[in-house]
Ligand SMILES: *Cc1c(COP(=O)(O)O)cnc(C)c1O
């Protein structure tokens, strides 16, 4: 029996219009939350209302509507500060998403401060977004990219990490939660060791922010980032947290309007953070939508969300492992509600196609983490990823769907 931990899931589901939809004439069972999450009415309505009655640009206007837009965006910045427990709202930079945030740090910090021979450490669990930007800086500046290995359960080998650290280590970039396997990494211990070695730390929080309470000051990291669209907000907006002293010394990433203090043909002086990193007109309405999304999850309570999703994970892992021929990929003791699996030698794409005909949306492929697939000797996996709006009935539907897959491909 799943305790609901004070979450009224039936009521919550009514907040998400799309969850009542059908897919291939079957009730939609949406289990691709690690790729992107559905949106509650609060987000949809707040954005629509903003476009209908208050839409205007920020910063530039002296007229009332522009001032309101500016004020709303400032309010969301403060909300993001509270959401991450950052010290100052100037440490919150609006970006397009996690990918954009990491590119900003790789360019603004990596290119400026990392020198030939320096080393960057990432982990074997990284999404391509926290691998490729570092690889590019490494090629450009002749740095060494080193990788923390994982064990057969998908857990980072912490002792190996300790051995990789040395006085050439200048940057550590690790994911908080693996999108492919669900592993939760010990980010505080990772940060402490990196700092002891004199390295700066970025934590990719794309899979953590929607599912657990994040406290950047407790972690101690220099940078933390997440995407709006995975935390029930819109696409096109995300957050980069950076410690103010880091942000002050970094170079801007993009140049143009909004990020300047004064401009002549000879010389430009840049604005202070956060504006220094926000060139151009920001995604105003998306920022407003992100604010609504954070309000929504905070009203439910991230502790309650985490506890309920952990129960879904336990139940799903138990039921799925009873499906004949099914192998779970990623069985770390600390996991978020992400289940990757293979089913005999049936190609994950075929699993996804049969499930689709049953109205069940899962992800199949390499999940933007090809090195993870290689580590586990699979070309791809099927992945079911859960949210607080998922139910045990949906887990049962997934299991029934997989039994059908087995029949089709017997
Ligand atoms: C989704 C994801 C990203 C990339 O996020 P975008 O929103 O596509 O920029 C990076 N890291 C992890 C762990 C992710 O899950």
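How much length is gained if the chain between residue 41 and residue 11 is pulled fully straight, taking 0.36 nm per residue apart and subtracting their Cα-Cα distance, in nm to one decimal?
Values: separation 30, 0.36 × 30 = 10.80 nm, distance 1.24 nm.
Length difference between fully extended and current span is 9.6 nm.
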(message) I want to check the label-to-label distance for residue 113 and residue 153. Put each point 7 Å from Cα in the C-beta direction and report it in nm to one decimal.
(response) 3.4
(request) Could you work out how far helix 348-357 tilts from the main Cα principal axis of the chain, as a 0 to 90 degree angle to the nearest 10? (result) 80
(message) Using a Debye calculation, one point per C-alpha and no hydration shell, please list log10 I(q)/I(0) for the chain at q = 0.06, 0.09 Å⁻¹ in order.
(response) -0.25, -0.57
(request) For the chain, find the longest principal axis of its Cα atoms and tell me its angle to the long axis of helix 132-141, 0 to 90°, nearest 10. (result) 40
(request) Determine the calculated [θ] at 222 nm for the chain from helices alone, applying -39500 (n - 2.57) to every DSSP H run no shorter than 4 residues and normalising by the residue count; nearest 500 deg cm²/dmol. (result) -11500 deg cm²/dmol
(request) If a/c stays under 1.5 just call it rounded; otherwise compare a/b with b/c (prolate if a/b is bigger, oblate if not). Do that for the range 161-285, with a ≥ b ≥ c from the square roots of the Cα gyration tensor eigenvalues. (result) oblate
(message) Under a crude label model (7 Å from the Cα following the beta-carbon direction), how far is residue 319 from residue 249 in nanometres?
(response) 5.2
(request) Give me the angle, in degrees from 0 to 90, between the Cα long axis of helix 302-320 and the longest principal axis of the Cα atoms of the chain, rounded to the nearest 10. (result) 30
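Of all DSSP beta bridges in the range 185-307, what percent run antiparallel (nearest 5)?
The answer is about 75 percent antiparallel.
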(request) Assuming a ≥ b ≥ c are the square roots of the Cα gyration tensor eigenvalues, decide whether the range 179-251 counts as rounded (a/c under 1.5), prolate (otherwise, with a/b larger than b/c) or oblate. (result) oblate
(message) Need the full-extension length gain, residue 393 to residue 75, defined as separation in residues times 0.36 nm minus the C-alpha distance. One decimal, nm.
(response) 110.6 nm
(request) Could I have the simple spin-label model distance between residue 410 and residue 23, label points 7 Å from Cα toward Cβ, reported in nm to one decimal? (result) 2.6
(request) Quickly rank 310-320, 281-291, 339-349, 156-166 as a protection proxy: mean count of other C-beta atoms within 10 Å, highest first. (result) 281-291, 339-349, 310-320, 156-166
(message) Nearest 5 percent is fine: what portion of the DSSP beta bridges confined to the chain is antiparallel?
(response) 60
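Every number in this text was worked out from the coordinates using simple rules, so none of it is lab data. Since this is a predicted model, take the numbers as computed values, not measurements. Cβ coordinates were reconstructed from backbone atoms using ideal geometry, including for glycine residues, and neighbour counts include every protein chain displayed.
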